[in-house]
1. Looking at region 264-276, which of its residues are touching a helix residue (DSSP H, G or I) at 6+ places or on another chain (Cβ under 8 Å) and surrounded by 15 or more Cβ atoms within 10 Å (Cβ to Cβ)?
2. What number of residues within region 78-97 are in contact with a helix residue (DSSP H, G or I) (Cβ under 7 Å, 6 or more places away or on another chain) and farther than 25 Å from Ser11 by Cα?
3. Would a scan of region 233-240 turn up a residue that is open to solvent by 20 Å² or more (accessible area, probe 1.4 Å), at pLDDT below 90 and not in a helix (DSSP H, G or I)?
4. Report yes if Leu78 is within 38 Å of the chain's Cα centre (by Cα) and either open to solvent by 30 Å² or more (accessible area, probe 1.4 Å) or small (Gly, Ala, Ser) (or both), otherwise no.
5. Could you list, in sequence order, all residues of region 94-110 that are within 15 Å of Leu163 (Cβ to Cβ) and either at pLDDT below 95 or not in a helix (DSSP H, G or I) (or both)?
6. Counting only residues that are among the hydroxyl-bearing types (Ser, Thr, Tyr) and under 30 Å from Val283 (Cβ atoms), how many does region 145-190 have?
7. Being of a type in the set (Val, Ile, Thr), closer than 19 Å to Gln8 by Cβ and either open to solvent by less than 50 Å² (accessible area, probe 1.4 Å) or touching a residue at least 24 places away in the same chain (Cβ under 8 Å) (or both) is the filter here; which residues of region 136-156 pass it?
8. For the subset of region 162-196 comprising residues that are under 18 Å from Gln87 (Cα atoms) and among the acidic types (Asp, Glu), which member is surrounded by the fewest Cβ atoms within 10 Å (Cβ to Cβ)?
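The values are calculated or read from the model by the stated rules, or taken from the named source; none is laboratory data. All figures in this text were calculated on a predicted structure; none of them were measured in a lab. Cβ sites come from the backbone with ideal geometry, for glycine too, and all protein chains shown count toward neighbours. Areas reflect the complete protein model, heavy atoms only, side chains present, ligands, DNA and RNA absent. Shrake-Rupley method; radii C 1.70, N 1.55, O 1.52, S 1.80 Å.
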Amino acid sequence: MEGSGGMQLFSIGIDDKDLVLKDLIYKKSTVCWMEGLNIEENKVGNLVFLNYKTSSSCPPSKVARLKDKTKMIIADILATIILEDLQSSLVQKIIQEEYFYFDKEDQDRILRDALAIMWGGKNPIVDSETIREQWQFRVWDRLMDHLSTNDELVFDGFIRFRLKDFMSELESAVDRAVDELLIENEYNEFIKLLQYFVEIQDPKVDEVHVVLQDDTRYILLDSNLRVIHNEMLEQLAREISDKEISHDDLLISSLITIAPCKITIHEYDKIKNVELLNTINNVFDGKVIMSEERITPKK
(Lines give C-alpha, C1' and ligand atoms only; values in the text may rest on other atoms or scores of the structure.)
Protein backbone atom coordinates (compact mmCIF):
# COMPACT_ATOMS: atom_id res chain seq x y z
CA MET A 1 0.00 0.00 0.00
CA GLU A 2 1.45 3.34 -1.00
CA GLY A 3 1.33 6.87 0.29
CA SER A 4 -0.46 6.55 3.63
CA GLY A 5 1.22 9.65 5.05
CA GLY A 6 1.17 8.19 8.59
CA MET A 7 3.97 7.49 11.08
CA GLN A 8 6.30 4.54 10.45
CA LEU A 9 6.35 1.99 13.27
CA PHE A 10 8.48 -0.91 12.02
CA SER A 11 10.23 -2.02 8.87
CA ILE A 12 10.98 -5.60 7.71
CA GLY A 13 13.72 -6.09 5.11
CA ILE A 14 13.57 -9.12 2.82
CA ASP A 15 15.47 -10.25 -0.27
CA ASP A 16 13.86 -8.69 -3.32
CA LYS A 17 13.80 -12.11 -5.03
CA ASP A 18 11.98 -13.80 -2.13
CA LEU A 19 8.47 -13.28 -3.45
CA VAL A 20 7.09 -16.20 -1.42
CA LEU A 21 8.16 -14.62 1.87
CA LYS A 22 6.84 -11.23 0.79
CA ASP A 23 3.47 -12.73 -0.13
CA LEU A 24 3.29 -14.59 3.19
CA ILE A 25 3.97 -11.44 5.19
CA TYR A 26 1.27 -9.52 3.31
CA LYS A 27 -1.28 -12.28 3.77
CA LYS A 28 -0.61 -12.67 7.47
CA SER A 29 -0.57 -8.91 8.06
CA THR A 30 -4.32 -8.62 7.47
CA VAL A 31 -4.81 -8.24 11.22
CA CYS A 32 -2.54 -5.20 11.20
CA TRP A 33 -4.50 -3.51 8.46
CA MET A 34 -7.66 -3.99 10.48
CA GLU A 35 -5.94 -2.09 13.28
CA GLY A 36 -5.50 0.97 11.06
CA LEU A 37 -2.07 0.20 9.60
CA ASN A 38 -0.74 0.33 6.07
CA ILE A 39 2.32 -1.30 4.49
CA GLU A 40 4.49 0.71 2.16
CA GLU A 41 7.50 -0.59 0.24
CA ASN A 42 10.88 0.89 -0.58
CA LYS A 43 13.87 -0.84 -2.20
CA VAL A 44 17.43 -0.49 -0.93
CA GLY A 45 20.01 -2.46 -2.88
CA ASN A 46 18.81 -6.07 -3.08
CA LEU A 47 16.41 -5.63 -0.16
CA VAL A 48 12.77 -4.64 -0.15
CA PHE A 49 11.64 -3.00 3.08
CA LEU A 50 8.03 -3.44 4.14
CA ASN A 51 7.25 -0.38 6.25
CA TYR A 52 4.40 -0.67 8.72
CA LYS A 53 2.86 2.78 9.04
CA THR A 54 -0.12 4.20 10.86
CA SER A 55 -2.94 5.61 8.79
CA SER A 56 -3.02 9.38 8.42
CA SER A 57 -6.09 9.51 10.64
CA CYS A 58 -4.41 7.79 13.61
CA PRO A 59 -4.23 10.19 16.62
CA PRO A 60 -0.68 10.70 18.01
CA SER A 61 -1.94 9.64 21.45
CA LYS A 62 -2.60 6.13 20.17
CA VAL A 63 0.72 5.64 18.36
CA ALA A 64 2.66 4.20 21.34
CA ARG A 65 -0.05 1.67 22.20
CA LEU A 66 -0.47 0.75 18.53
CA LYS A 67 3.28 0.28 18.19
CA ASP A 68 3.43 -2.14 21.14
CA LYS A 69 0.48 -4.12 19.81
CA THR A 70 1.89 -4.19 16.28
CA LYS A 71 5.26 -5.38 17.60
CA MET A 72 3.59 -8.42 19.16
CA ILE A 73 1.60 -9.13 16.00
CA ILE A 74 4.69 -8.88 13.78
CA ALA A 75 6.65 -11.20 16.11
CA ASP A 76 3.81 -13.71 15.97
CA ILE A 77 3.55 -13.45 12.17
CA LEU A 78 7.29 -13.95 11.59
CA ALA A 79 7.60 -16.78 14.14
CA THR A 80 4.74 -18.62 12.43
CA ILE A 81 6.25 -18.06 8.98
CA ILE A 82 9.66 -19.38 10.09
CA LEU A 83 8.34 -22.48 11.86
CA GLU A 84 5.45 -23.42 9.59
CA ASP A 85 5.84 -21.92 6.14
CA LEU A 86 9.61 -21.73 5.62
CA GLN A 87 10.90 -24.79 7.48
CA SER A 88 10.91 -26.93 4.32
CA SER A 89 12.76 -24.30 2.27
CA LEU A 90 15.32 -23.83 5.07
CA VAL A 91 15.98 -27.59 5.12
CA GLN A 92 16.09 -27.72 1.31
CA LYS A 93 18.72 -24.99 1.31
CA ILE A 94 20.87 -27.00 3.74
CA ILE A 95 20.50 -30.12 1.57
CA GLN A 96 21.36 -28.24 -1.63
CA GLU A 97 24.45 -26.70 -0.03
CA GLU A 98 25.76 -29.77 1.81
CA TYR A 99 24.31 -32.80 0.00
CA PHE A 100 23.77 -31.56 -3.56
CA TYR A 101 25.29 -34.78 -4.96
CA PHE A 102 22.27 -36.90 -3.95
CA ASP A 103 19.65 -37.38 -6.65
CA LYS A 104 16.25 -35.70 -6.34
CA GLU A 105 14.51 -38.78 -4.97
CA ASP A 106 17.06 -39.11 -2.18
CA GLN A 107 16.98 -35.36 -1.47
CA ASP A 108 13.18 -35.53 -1.12
CA ARG A 109 13.59 -38.47 1.27
CA ILE A 110 16.19 -36.55 3.31
CA LEU A 111 13.85 -33.55 3.50
CA ARG A 112 10.94 -35.64 4.80
CA ASP A 113 13.07 -37.53 7.31
CA ALA A 114 14.89 -34.42 8.55
CA LEU A 115 11.60 -32.65 9.32
CA ALA A 116 10.31 -35.76 11.08
CA ILE A 117 13.51 -35.93 13.15
CA MET A 118 13.39 -32.20 13.92
CA TRP A 119 9.86 -32.34 15.28
CA GLY A 120 10.17 -35.67 17.08
CA GLY A 121 8.21 -37.63 14.49
CA LYS A 122 10.68 -40.53 14.72
CA ASN A 123 10.69 -40.56 18.51
CA PRO A 124 7.50 -41.99 20.06
CA ILE A 125 8.51 -40.64 23.48
CA VAL A 126 8.68 -37.01 22.35
CA ASP A 127 5.54 -34.95 21.74
CA SER A 128 6.08 -33.10 18.46
CA GLU A 129 3.50 -30.47 19.39
CA THR A 130 5.45 -29.63 22.55
CA ILE A 131 8.66 -29.22 20.53
CA ARG A 132 6.89 -26.87 18.11
CA GLU A 133 5.39 -24.81 20.91
CA GLN A 134 8.80 -24.47 22.58
CA TRP A 135 10.46 -23.28 19.39
CA GLN A 136 7.52 -21.02 18.58
CA PHE A 137 7.98 -19.26 21.93
CA ARG A 138 11.78 -19.04 21.58
CA VAL A 139 11.59 -17.49 18.13
CA TRP A 140 8.77 -15.13 19.15
CA ASP A 141 10.68 -14.08 22.27
CA ARG A 142 13.82 -13.28 20.24
CA LEU A 143 11.79 -11.33 17.72
CA MET A 144 10.21 -9.35 20.56
CA ASP A 145 13.64 -8.73 22.06
CA HIS A 146 14.93 -7.42 18.71
CA LEU A 147 11.88 -5.26 18.03
CA SER A 148 12.01 -3.77 21.52
CA THR A 149 15.26 -1.98 20.67
CA ASN A 150 15.06 -1.82 16.85
CA ASP A 151 12.45 -0.46 14.48
CA GLU A 152 13.99 -2.39 11.59
CA LEU A 153 14.51 -6.14 11.07
CA VAL A 154 16.34 -7.74 8.16
CA PHE A 155 14.77 -11.19 7.91
CA ASP A 156 17.76 -13.20 6.61
CA GLY A 157 20.11 -11.51 9.07
CA PHE A 158 17.80 -12.30 11.98
CA ILE A 159 17.73 -16.02 11.06
CA ARG A 160 21.50 -16.11 10.50
CA PHE A 161 22.52 -14.37 13.73
CA ARG A 162 19.64 -14.74 16.19
CA LEU A 163 18.48 -18.25 15.29
CA LYS A 164 21.83 -20.05 15.09
CA ASP A 165 20.62 -22.79 17.44
CA PHE A 166 17.48 -23.37 15.37
CA MET A 167 19.48 -23.63 12.14
CA SER A 168 22.00 -25.88 13.92
CA GLU A 169 19.21 -28.26 14.93
CA LEU A 170 17.91 -28.30 11.36
CA GLU A 171 21.43 -29.11 10.12
CA SER A 172 21.78 -31.90 12.69
CA ALA A 173 18.40 -33.32 11.62
CA VAL A 174 19.56 -33.29 7.98
CA ASP A 175 22.84 -35.02 8.93
CA ARG A 176 20.93 -37.72 10.82
CA ALA A 177 18.54 -38.21 7.90
CA VAL A 178 21.52 -38.62 5.55
CA ASP A 179 23.17 -41.13 7.91
CA GLU A 180 19.96 -43.17 8.07
CA LEU A 181 19.66 -43.12 4.28
CA LEU A 182 23.26 -44.30 3.82
CA ILE A 183 22.82 -47.06 6.40
CA GLU A 184 19.63 -48.21 4.68
CA ASN A 185 21.32 -48.17 1.27
CA GLU A 186 24.23 -50.22 2.64
CA TYR A 187 21.77 -52.66 4.23
CA ASN A 188 19.87 -53.03 0.95
CA GLU A 189 23.12 -53.73 -0.91
CA PHE A 190 24.02 -56.31 1.75
CA ILE A 191 20.61 -57.99 1.34
CA LYS A 192 21.05 -58.10 -2.45
CA LEU A 193 24.43 -59.78 -1.99
CA LEU A 194 22.98 -62.42 0.36
CA GLN A 195 20.08 -63.01 -2.03
CA TYR A 196 22.60 -63.58 -4.79
CA PHE A 197 24.46 -66.18 -2.69
CA VAL A 198 21.16 -68.00 -2.09
CA GLU A 199 20.13 -67.90 -5.76
CA ILE A 200 23.36 -69.35 -7.15
CA GLN A 201 23.24 -72.57 -5.16
CA ASP A 202 20.88 -75.52 -5.08
CA PRO A 203 18.84 -76.05 -1.89
CA LYS A 204 20.46 -78.55 0.47
CA VAL A 205 17.01 -79.31 1.94
CA ASP A 206 13.51 -78.25 0.88
CA GLU A 207 12.28 -77.10 4.29
CA VAL A 208 13.92 -75.82 7.48
CA HIS A 209 12.35 -75.26 10.89
CA VAL A 210 14.19 -72.75 13.07
CA VAL A 211 13.87 -73.34 16.82
CA LEU A 212 15.18 -71.00 19.51
CA GLN A 213 16.61 -72.86 22.49
CA ASP A 214 16.73 -71.70 26.10
CA ASP A 215 20.43 -70.80 25.80
CA THR A 216 19.62 -68.39 22.89
CA ARG A 217 21.17 -70.81 20.40
CA TYR A 218 19.22 -71.96 17.38
CA ILE A 219 18.78 -75.47 16.03
CA LEU A 220 17.66 -76.27 12.51
CA LEU A 221 15.23 -79.10 11.80
CA ASP A 222 14.24 -80.71 8.50
CA SER A 223 10.68 -81.38 7.32
CA ASN A 224 10.56 -84.44 9.62
CA LEU A 225 11.55 -82.24 12.59
CA ARG A 226 14.91 -83.96 12.90
CA VAL A 227 18.05 -81.93 13.60
CA ILE A 228 19.94 -81.13 10.42
CA HIS A 229 23.47 -82.51 10.64
CA ASN A 230 25.63 -81.16 7.90
CA GLU A 231 29.39 -81.27 7.72
CA MET A 232 29.50 -77.85 6.09
CA LEU A 233 27.31 -76.36 8.83
CA GLU A 234 29.40 -77.90 11.58
CA GLN A 235 32.57 -76.52 10.02
CA LEU A 236 30.89 -73.13 9.69
CA ALA A 237 29.84 -73.24 13.35
CA ARG A 238 33.42 -74.03 14.43
CA GLU A 239 34.84 -71.16 12.37
CA ILE A 240 32.26 -68.69 13.63
CA SER A 241 32.77 -69.84 17.23
CA ASP A 242 36.50 -69.20 16.90
CA LYS A 243 35.78 -65.65 15.72
CA GLU A 244 33.23 -65.03 18.48
CA ILE A 245 30.45 -64.19 16.03
CA SER A 246 26.93 -64.16 17.49
CA HIS A 247 24.37 -66.95 17.30
CA ASP A 248 22.22 -64.67 15.13
CA ASP A 249 25.03 -64.37 12.56
CA LEU A 250 25.50 -68.13 12.68
CA LEU A 251 21.78 -68.63 11.96
CA ILE A 252 21.88 -66.33 8.92
CA SER A 253 25.04 -68.00 7.59
CA SER A 254 23.57 -71.47 8.12
CA LEU A 255 20.34 -70.65 6.31
CA ILE A 256 22.25 -69.15 3.38
CA THR A 257 24.46 -72.25 3.22
CA ILE A 258 21.42 -74.56 3.17
CA ALA A 259 19.39 -72.23 0.88
CA PRO A 260 16.04 -73.94 1.67
CA CYS A 261 12.86 -73.45 -0.34
CA LYS A 262 10.84 -72.85 2.83
CA ILE A 263 11.72 -71.57 6.30
CA THR A 264 9.46 -71.70 9.36
CA ILE A 265 10.64 -69.74 12.38
CA HIS A 266 8.94 -71.11 15.49
CA GLU A 267 8.09 -68.98 18.52
CA TYR A 268 9.30 -65.97 16.56
CA ASP A 269 7.67 -63.67 19.12
CA LYS A 270 10.34 -64.75 21.64
CA ILE A 271 13.17 -63.62 19.37
CA LYS A 272 14.13 -60.14 20.57
CA ASN A 273 16.29 -59.30 17.57
CA VAL A 274 13.68 -57.90 15.19
CA GLU A 275 16.37 -56.92 12.71
CA LEU A 276 17.38 -60.59 12.44
CA LEU A 277 13.82 -61.56 11.52
CA ASN A 278 13.60 -58.73 8.99
CA THR A 279 16.89 -59.79 7.41
CA ILE A 280 15.77 -63.42 7.03
CA ASN A 281 12.47 -62.22 5.57
CA ASN A 282 14.27 -59.98 3.08
CA VAL A 283 16.91 -62.49 2.01
CA PHE A 284 14.41 -65.35 1.63
CA ASP A 285 11.61 -63.19 0.27
CA GLY A 286 8.32 -65.13 0.13
CA LYS A 287 9.82 -68.26 1.64
CA VAL A 288 9.51 -67.47 5.35
CA ILE A 289 6.68 -68.33 7.77
CA MET A 290 6.56 -66.78 11.23
CA SER A 291 4.92 -69.17 13.67
CA GLU A 292 4.13 -68.88 17.37
CA GLU A 293 3.95 -72.70 17.60
CA ARG A 294 6.43 -74.48 19.81
CA ILE A 295 7.86 -77.73 18.44
CA THR A 296 10.17 -80.40 19.85
CA PRO A 297 12.89 -82.04 17.76
CA LYS A 298 12.45 -85.75 17.04
CA LYS A 299 15.22 -88.13 18.00
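1. The answer is Ile265, Tyr268, Ile271, Leu276.
2. Of the residues in that region, 5 qualify.
3. no
4. On the way: within 38 Å of the chain's Cα centre (by Cα): yes; either open to solvent by 30 Å² or more (accessible area, probe 1.4 Å) or small (Gly, Ala, Ser) (or both): no.
Taking the combined requirement at face value, the residue does not satisfy it.
5. Scanning region 94-110 gives no hits.
6. Result for region 145-190: 1.
7. Val154
8. If we take residues in region 162-196 being under 18 Å from Gln87 (Cα atoms) and among the acidic types (Asp, Glu), then Asp165 is surrounded by the fewest Cβ atoms within 10 Å (Cβ to Cβ).
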